[in-house]
Ligand code: GLU
């Protein structure tokens, strides 16, 4: 069977770098196994899910370099979930419950005081047909719970230790005792679905072979494996990765605005800087700027993720970004440079000249302005340096300029001015760019405007 993974966010906000980690673990896994990547929107909560967020998530994924083979939305598949519900009911493993939240809380407290595990005691299973009819006649609507197979064929009100195990492709052997869990509610009073059942139905229908998601879902997995079996399906393989947290250990949420993929894009962070940090944090690999998705896929090993939280420092994004830019090919920035007004004829040479000296591509706009219009603020030069710069400008070679012009020019200045090294280069750099450091002047000079330089002679 073809390896098939899925990324299944709820479209209730923008995805952040932690969601990107999940998406990338799946995408890289698919790339490595030549498999399929399904984008699934868990939008059964129709009140909070929006098409705009779904579209924004797809945009973010494409921008990151993730290209789904198929896109599905749970909101279009309610008939499939209704069908599964009918099957579970007729198998006797989905039962109606009428307790209110307050009643449940009270029972939980009683169980705790009796040193019993604080799980649902399955009281609703003992309701007779007449009692159920009476409750419904009162206008009460049931919620529906899945009867976990944790009573060994005996009395469901007395669960027995029932280990459910799987070999997690990230965490290794995992075991959950089903007796430690409450029967999960699959359908609410108002008929809406919780995430648990639709996810399983989709994974079956869509031929998902590997479910890779955050380790906040480990317990869900035990329940869902039981549900796969109750629906007569073989469960897929599961992998749970550690979650990204801030340095103080705080988890990310849809409200982590500054760390949303969209906001990072707006801050000028490149996709591969995000991908490198999102994937390599919390693994046994060093965090390094990986230049392409193919390279990241080649070195990706899901089992290298550790079991503890993946703490990360957003400041690393800037460092990684700088490194990514140093080798970023012109093709990747062609349209962005065009938007900055860099003419096609000089754009590639310009990019290769400045890419080693910028934090973000947007910084290139600043260098383009310096190249065309000179320093943002004229450098303050000592009297001697000013005289030297005047002499230098008078000796500027005629155009056309090439990468040899800087050497020709400065070599010719050495003898008459008696200057060399920093004393020769720094005043010229300051005059030409207003900056004490920056791109190699042999490369930069041919991009500058000779007439402008002459006009700005100090
Ligand atoms: N919508 C779920 C979430 O975002 C999906 C979990 C899963 O991958 O099954 O947590």
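Just so it is clear, none of the values below were taken in a lab; they were calculated from the coordinates. A quick note: this is a predicted structure, and the numbers were derived from the prediction, not measured. A quick note on method: Cβ atoms are made from the backbone with ideal geometry, for glycine too, and the neighbour counts reach across all protein chains shown.
When only Cα pairs below 8 angstrom with a gap of at least 6 residues are kept, the stretch 252-400 shows a relative contact order of 19 percent.
Computed from the C-beta positions of residue 387 and residue 316, the FRET efficiency with R₀ = 41 Å rounds to 0.35.
Computed from the C-beta positions of residue 123 and residue 180, the FRET efficiency with R₀ = 22 Å rounds to 0.75. Taking the stretch 257-276 and a reference point 7 angstrom along Cα→Cβ of residue 32, the backbone N atoms nearer than 20 Å belong to 272-276. Cβ-Cβ distance of residue 99 and residue 130, R₀ of 25 Å, FRET efficiency by 1/(1 + (r/R0)^6): the value works out to about 0.85. With the simple spin-label model, which puts each label point 7 Å out from Cα in the Cβ direction, the residue 206 to residue 137 separation comes to 4.5 nm. Maximal additional length on extending the residue 263-residue 106 stretch stands at 52.1 nm, based on 0.36 nm per residue less the C-alpha distance.
Here the Debye sum runs over all C-alpha atoms of the stretch 243-350 as equal scatterers in vacuum, and log10 of I(q)/I(0) at q = 0.24 Å⁻¹ comes out as -1.37. Computed packing ranks the peptides 213-225, 267-279 as 267-279, 213-225, most packed first, by mean other Cβ atoms within 10 Å. Peptide packing: for 325-335, 31-41, the average count of neighbouring Cβ atoms within 10 Å per residue gives the ranking 31-41, 325-335, highest mean first. Placing a label point 7 Å from the Cα of residue 366 along the Cα-to-Cβ direction, the residues of the stretch 322-356 whose backbone N falls under 18 Å of that point are 322-326, 337, 340-342, 351-356. The modelled label-to-label distance between residue 216 and residue 115, using points 7 Å beyond Cα along the C-beta direction, is 3.5 nm. For the stretch 3-19, the residues whose backbone nitrogen is under 15 Å from a point 7 Å from the Cα of residue 52, taken along Cα to Cβ, are 11-15. Relative contact order of the chain: 14 percent, from C-alpha pairs under 8 Å at least 6 residues apart in sequence. Length gained on full extension, residue 76 to residue 380, computed as 0.36 nm times the residue gap minus the Cα-Cα distance: 102.8 nm. Working ranking of peptides 16-24, 131-139 by packing, defined as the average number of other Cβ atoms within 10 Å per residue, highest first, is 16-24, 131-139. Computed over every Cα-Cα pair of the stretch 397-457 and binned at 5 Å starting from 0, the pair-distance distribution P(r) comes out as 4, 17, 28, 30, 19, 2 percent.
Between residue 59 and residue 250, the simple spin-label model (points 7 angstrom out along Cα→Cβ) gives 2.7 nm.
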